[in-house]
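Input: a single structure, listed below in structure tokens.
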Amino acid sequence: MKVSGKPKAIRKKKSLAAAMRDNWQLYILVLPAIIYFVVFNYLPLYGIQIAFKDYKAVDGIAGSAWVGLKHFKNFFNAYYFKRLLSNTLLLNVYYLLWSFPVPLILAIFLNQIRGKKKKRFIQTSIYVPYFISTVVLAGMLYIFLSPTSGILNFARTAMGLKAIDFMSEATAFRPIYIISGIWQAAGYGTILYIATLTGIDPSLYEAAEIDGASIWQKIRFIDIPSLIPTAMMVFILDCGKMLASDTNKALVMQTPGNIPTSDIIGVYVYNVGLGSGQFSYTAAIGLFVNIINFILIISVNQVSKRMTDVGLF
């Protein structure tokens, strides 16, 4: 048995070495991606422990005093905890409900356009906003919604209505955030759906035309069923971001007037972490957010697998 076992081990080592030697180009090709994930995704996990310590830069992570769940308890017992949590959840839930169907609808309509030049022009037009930076977008919002020179208020005053400073209204923050987000990201979000529609067998459309199906019937019985698996996967991923808002956008849109609704967890972490230097406290908040998002994505994935047989894993 010992004699027969050694050649097998030798053969396994040789086969692995041979595979790496024969396909070294592929290993080199994937090496940058591996290095990226190790450096930016796995090595930083070492720093999670500062959420359970009283971190001080002088003492370092290993030398800082262990405080356990102290920072979590301070956050949960804070008077602003409910406001931060409710503002973040409401903002993300409303954004998901309103923004999720838009790329799906746009992709379906783009798929019905037959002229190539017209289709490319429309696609390019709706893709461009995605490449506008968050700061530039916020600047555009301040200009367009200005109470003195904004287009919207100019139209209101022309109709005899009073000008409103929308960026300072707490009730206007969420609609502005959601509408501007849809305008910026909806076009780019159609790429995945258009790719799915492109992969549909043309014979299905030909058979539908022979049977006398209208455009709406093709959309209902061919396009939508084909898009459901992709849409469900996108929905599951979006549900994993319920507590992870676009902090940069909320931060540049925040004004003293809209703080009651714009004060979300991401903005609070930025202000406390960088402004006050409470790194352990904000690390605990970040860990809490990631755990909740992880639970949500697992739960939604399980529900989706039971109801539609579609899941990420």
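The values are calculated or read from the model by the stated rules, or taken from the named source; none is laboratory data. Keep in mind the model is a prediction, meaning the values are calculated, not measured. Don't worry about glycine lacking a Cβ; one is built from the backbone with ideal geometry, like all the others, and counts go over all protein chains shown. In case anyone asks, the SASA skips ligands and DNA or RNA and just uses the protein heavy atoms, side chains included. Shrake-Rupley method; radii C 1.70, N 1.55, O 1.52, S 1.80 Å.
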* Among the residues of segment 225-265, how many are without any contact (Cβ under 8 Å) to a residue 60 or more places away in the chain and crowded, with 20+ Cβ neighbours inside 10 Å? -> 0
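Which ranges mark the helices (runs of 4 or more DSSP H) fully within segment 9-96 that have 1 or more residues being open to solvent by 100 Å² or more (accessible area, probe 1.4 Å) and of a type outside the set (A, V, I, L, M)?
Details: elements: 24-37, 60-63, 70-77.
Output list reads 24-37, 70-77.
Would you confirm whether or not segment 94-101 contains a residue that is among the polar types (S, T, N, Q) and under 25 Å from the mean Cα position of the chain (by Cα)?
Applying the first criterion (among the polar types (S, T, N, Q)) to segment 94-101 yields 99.
With the extra rule that they be under 25 Å from the mean Cα position of the chain (by Cα), the set shrinks to 99.
Yes, because at least one residue in segment 94-101 is among the polar types (S, T, N, Q) and under 25 Å from the mean Cα position of the chain (by Cα).
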* Asked: In segment 111-122, which residues are in a helix (DSSP H, G or I) and under 14 Å from LYS218 (Cα atoms)?
  -> ASN111
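How about segment 209-224: which of its residues are free of Cβ contacts under 8 Å to residues at least 60 places away in the same chain, in a helix (DSSP H, G or I) and not hydrophobic (A, V, I, L, M, F, W, C)? Walk me through it before giving the result.
Step one: of segment 209-224, the residues free of Cβ contacts under 8 Å to residues at least 60 places away in the same chain are 209-214, 216-218, 220-222.
Then keep just the ones that are in a helix (DSSP H, G or I); that gives 209-210, 216-218, 220-222.
Within segment 209-224, GLU209, GLN217, LYS218, ARG220 qualify.
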* For segment 147-190, what are the residues that are hydroxyl-bearing (Ser, Thr, Tyr) and either modelled with pLDDT of 90 or more or assigned to a helix (DSSP H, G or I) (or both)? -> THR157, SER168, THR171, TYR177, SER180, TYR188, THR190
